[in-house]
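Structure first, commentary second.
What follows draws every value from the coordinates through simple rules; no lab data is involved. Predicted model, so just to flag it, every value in this text is computed and none were measured. FYI the Cβ positions are ideal-geometry reconstructions off the backbone, even for glycines, and counts take in every protein chain you see.
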Amino acid sequence: MRTLAGLDKAQLLSCYRKMLLIRRCEEQLARAHQRGLIHGACHTYIGQEAIAVGVCARLKAQDVIFSTHRGHGHALAKGVAPRQLFAELFGRQTGCSQGRGGSMHLFAPEVGLMGTSGIVGPSILQAAGAGYSAKLLKNGAVSVAFFGDGAVNNGAFHEGLNMAGIWKLPTVFVCENNQFATEVAFEYSAGNPDVAGRGAVYGLPGVTVDGNDLVAVYQAAEEAVQRARNGGGATLLECRTYRTRPHAEGMGDYTYRTREEVDEWKTRCPIVRLKQLLLNDTGAEPAELEAIEKEIQAIVADAQQFAESSPWPNPASATDYVCAESAASKVTLPTAPSSGQTKEITFSQATLEALAEEMAANPAIFVLGEGIGKRGGNFKTTAGLYELYGPERLCDAPICERGFVGLGCGAAMTGTRPVIDFMFADSATHADLAAGLHRHRSLGRHTSLRQLLFRLCPFSRTASRDSIEPGRRQGFAQALASMR
């Protein structure tokens, strides 16, 4: 019996089961939203199941994904249990984020789901950061960013792909082009609607596939993941598909597209196509597929019942995980010198001494910023460190503060300890609350806010020469040591 893109019957049945699980879960969640059981927006993945399943089927347990507001399918494909998904959308204590995240903010780092987000574009930057971690740690992991066509017109797309290109990061960028950014047609909003073609601008291979064809997605993902794992760098996949439900449940759907268009796309259903392939080309029996359908129906019914009967979170726990626990109990922090051992140096010199000391002790620390490599920084904040640790740990970045802050967040989530060196304090506006939100909604399983350090260089030259009182070097040293 022949295989398809290396997929045998058992593998195809596994993919079919996962796709059907996503579809039936989403259909039930849409009904639950109509009943008022889901609070807030609910963006279903119906019609796009082949993409999440085809890509995640090529990933290992150590590989990580970052997703979007339309992330239920990605969560299920990476291994989140339906019970946890339903409970989270219902705002219950038993959800994957204990009710803190809801539909658009799902976290399950234990299975490699590093987060979904209602903000457009951060998945691209954070996946690049996870790729940087894998490169520095040399652990063979691959990161994946899922995002919609709307995100490719966002600055994060340009900045993230450019950084992945220049540093050859082991990352796969998956654009799920469902042809509408909310209700705006992509063909209208994009000066260049060829998403895959944009990869060449950043030195990346770009591949266009039929996003409703499981085998085509699987094959493209296999090649992209293998390239990333073998050191060949990132790939941009454009999976052309269509969502057959409204942008979000409860929204109007026929002011920007027609019923006829939606109905025509329903005939291209990825699950129906895979079912036909199984019956016609693998020898699968109708009874096998009927058994899978019954199994999935039982799983979904159980998830619904479990979520509805689960307790609400305790209101007293609302502020849990907002702040990181003290690192003092986990690491030995440096102590302030006695008064007889102090010296007068600039703030920049003090932070350089502390950074040099901690980089020697912690190989996971790397510095990211403009001109901090061979030059040693405008204010000599990294002078001499490049010669000790090389370009991977003293990494000169393009002028894209939002980009490398987002990259730093993704790196901090995945095992490395970035120090973001802003050339001027004005750039601190790019250090937004993304890391803190991830920490809170992931129940502290993402500790990125504590493990991502921002260093601000003063604009004024006189300020950069101001002397530093005893103990200030100790404060920066303790901040670095707490990242261990």
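Between Ile399 and Gln297, the simple spin-label model (points 7 angstrom out along Cα→Cβ) gives 6.2 nm.
Computed over the Cα atoms of segment 9-315, pair by distinct pair, the Kirkwood hydrodynamic radius stands at 19.4 angstrom. Distance from the Cα centroid of segment 203-245 to that of segment 246-289 is 20 Å (rounded to whole angstrom). Taking the Cα centre of segment 9-315 as reference, the dipole from Cβ charges on Lys and Arg (+1) and Asp and Glu (-1) amounts to some 760 debye. Going down the table (Lys135/Lys380; Lys60/Lys135; Lys18/Lys138), which pairs top 28 Å between alpha carbons? Result: Lys18/Lys138 exceed 28 Å. Relative contact order, whole percent, for segment 9-315 stands at 23, derived from Cα pairs under 8 Å and 6 or more residues apart. Where in segment 34-68 does the amide nitrogen come within less than 13 Å of the point 7 Å from the Cα of Trp312, taken along Cα to Cβ? Once the point is set 7 Å along Cα→Cβ of Trp312, 39 turn out to lie under 13 Å by backbone N, inside segment 34-68.
Charge dipole of segment 240-320 (Cα centre as origin; +1 on each Lys and Arg Cβ, -1 on each Asp and Glu Cβ, all else neutral): 420 debye, rounded to the nearest 20.
Between Glu261 and Glu285, the C-beta separation translates, for a Förster distance of 22 Å, into a calculated FRET efficiency of about 0.05. Fewest neighbouring Cβ atoms within 10 Å first, the residues Thr182, Thr244, Thr255 line up as Thr255, Thr182, Thr244. What FRET efficiency comes out for Glu344 versus Lys374 if R0 is 25 angstrom and r is the Cβ-Cβ distance? Round to the nearest 0.05. Once rounded, the FRET efficiency stands at 0.30. The gain in end-to-end length when the Thr319 to Tyr254 segment is fully stretched comes to 19.3 nm, 0.36 nm per residue minus the alpha carbon separation. A crude spin-label estimate for the pair Glu357 and Lys168, with each label 7 Å from Cα along the Cβ direction, gives 3.7 nm.
A simple spin-label model places the labels of Arg31 and Gln62 4.3 nm from each other, with each point 7 Å out along Cα-to-Cβ.
Annotation: peptides 370-383, 287-300, ranked by per-residue average of other Cβ atoms within 10 Å with the highest first, follow the order 370-383, 287-300.
Exposure proxy shown here: for Tyr256, Tyr218, the number of other Cβ atoms within 10 Å sets the order, fewest to most, as Tyr256, Tyr218.
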